[in-house]
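Take a look at the structure set out below.
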Amino acid sequence: MAIEQLAAKIRAGGRLDRAEALELYTQAPTALLGRLADEVRARKHPDNVVTYIIDRNVNYTNVCVARCNFCAFYRPVGSAESYVLGFEEIFRKIDETIAVGGAQLLLQGGHNPDLPLAWYEDLFRAVKERYPTFKLHALSPPEVVHLSRMSRLPVPSVLDRLIAAGLDSVPGGGAEILVDRVRKLLNCYGKATADEWLGVMRHAHRKGLRTTATMMYGTVETVDERLEHLFRLRELQDETGGFTAFIAWSYQPDHTELGGGEATGIEYLRTLATARLVLDNFDNLQASWVTQGGKVGQLSLAFGSNDMGSVMIEENVVRAAGASYCMDEVEIVRNIEDAGFAPKRRNMHYEILGDPIFRERLVPRMLELAVARVDGDTSRAPEVVNYPARSAAEKKARLTGH
Ligand code: SF4
């Protein structure tokens, strides 16, 4: 079909198939792709509102046995640079989040063999006991798969236990590209296959949890595989309706085993716009300013995004791979208003909570991102010894005290 016919089909509310999406992605002028995505965004969000959430991205451990070759964040078991956060450290992070108007942690971490399911249950219960209304947006599908394997329980049972302990929703991390050929090349097939990732989300949705979906592009995948990823998400969303939002970010190559370069801003905007056109059953698309920077993040609002994601208080994963953009609420709101939209705070369910909090009360400005652990802090989390050690390194550390 010619590009003009495809544009007419989208404008009439038609659904793209794979070949049509490929045609648009590869052939349509960038300005046209953006205009079409913006029209779809405006149809879904006619109120001219752009939302954002105040939450904190906490990485509870950097120990990981998965060893994805695109990841600069993880440390192997026994590394001198490894850490597990103590419950008190996590409480302090929650207190700081509440101080700037946040009500949720995005809690994700490495696949640490010395943290059994009971550690997560105890942590979630302890958080909910102290902060009953605070939300836990926690554990991406590969982490759930890891817990399922370690505990020898099926995924639905793991989810039941986590929900009983306080899990509120599931972040869509670890999806990378949902095509097993790509996952094998990125050494992330072992942590979760494409079907396993989608399977966790299907179970979570059936249990009434809402989740997000992500895509990390720009490594070894073809354009067609990028589209396959989008179509697999669309299919599951048709089935369950459980995804609240889609977030795409480009691979960040610094300090990774895989190396290589980073996708350009135009590639990001074309990918984002194509996602808006393909994912006709997703209401919300986030701008990934953390990887693209504030300026391309703002441009995303003209290429299909209706949400600026999170006011980042802390970031460890993307920063480890070389990107460390920071915007506090004041900056996010400035970018939204300058693009001609009305900024509103939201929760994970995209319910509007109100106007910018800094216009209601004095909140501390955060002009630098916090990190999980300050450099040189090698303290051990006191709770870890309450659970049986599985790795040789941890057993030795407990015997020798190092
Ligand atoms: S991306 Fe996640 S699972 Fe993969 S090595 Fe890094 S921390 Fe581990």
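The values are calculated or read from the model by the stated rules, or taken from the named source; none is laboratory data. Please read all numbers here as calculations on a predicted model, not as lab measurements. Please note: Cβ atoms are built from the backbone with ideal geometry, for glycine as well, and neighbour counts cover all protein chains shown. With ligands, DNA and RNA removed, areas are computed over all heavy atoms of the protein, side chains included. Shrake-Rupley method; radii C 1.70, N 1.55, O 1.52, S 1.80 Å.
Considering the conditions (1) over 29 Å from residue 110 (Cβ atoms); (2) surrounded by fewer than 22 Cβ atoms within 10 Å (Cβ to Cβ), residue 277 is excluded by exactly one of them, (2). Say we look at the stretch 14-28 and pick out the residues that are surrounded by fewer than 14 Cβ atoms within 10 Å (Cβ to Cβ) and touching a residue at least 12 places away in the same chain (Cβ under 8 Å); which of these is farthest from residue 302 (Cα to Cα)? Taking the candidates together, the pick is 18. Scanning the stretch 138-149 for any residue that is among the charged types (D, E, K, R) and away from the ligand (no atom under 16 Å from the Cβ) turns up nothing. Select from the stretch 218-242 the residues that are open to solvent by less than 10 Å² (accessible area, probe 1.4 Å) and within 20 Å of residue 21 (Cβ to Cβ) and list them in ascending order. Result: 227, 229, 230, 233, 236. So residue 285 clears everything in (1) at pLDDT 95 or above; (2) surrounded by fewer than 23 Cβ atoms within 10 Å (Cβ to Cβ); (3) more than 22 Å from residue 19 (Cβ to Cβ) except one condition, right? Which one? So residue 285 meets the others, but not (2).
Among the residues making up the stretch 312-362, those that are among the small types (Gly, Ala, Ser) and either open to solvent by less than 10 Å² (accessible area, probe 1.4 Å) or in contact with an Asp or Glu (Cβ under 9 Å, 6 or more places away or on another chain) (or both) are 320, 321, 322, 323, 324, 342, 354.
Taking the criterion of being more than 16 Å from residue 109 (Cβ to Cβ), in contact with a strand residue (DSSP E or B) (Cβ under 6 Å, 6 or more places away or on another chain) and within 16 Å of the ligand (Cβ to nearest atom), the residues of the stretch 158-208 that qualify are 175, 176.
Rundown of residues vs (1) hydrophobic (A, V, I, L, M, F, W, C); (2) more than 15 Å from the ligand (Cβ to nearest atom), yes/no style:
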site: 73; (1), (2): yes, no
site: 77; (1), (2): yes, no
site: 83; (1), (2): no, no
site: 86; (1), (2): no, yes
site: 94; (1), (2): yes, yes
site: 97; (1), (2): no, yes
site: 101; (1), (2): no, yes
site: 107; (1), (2): yes, no
site: 110; (1), (2): no, no
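Return only the number of the condition from (1) touching a residue at least 24 places away in the same chain (Cβ under 8 Å); (2) within 16 Å of the ligand (Cβ to nearest atom) that residue 133 does not satisfy. Condition (2) is where residue 133 drops out. Annotation: residue 384 fulfils all but one of (1) surrounded by fewer than 18 Cβ atoms within 10 Å (Cβ to Cβ); (2) touching an Asp or Glu at 6+ places or on another chain (Cβ under 7 Å); (3) closer than 24 Å to residue 81 by Cβ; the unmet one is (1). When residue 44 is tested against (1) in contact with an Asp or Glu (Cβ under 8 Å, 6 or more places away or on another chain); (2) open to solvent by less than 10 Å² (accessible area, probe 1.4 Å); (3) over 30 Å from residue 374 (Cβ atoms), just one condition goes unmet, and that condition is (2).
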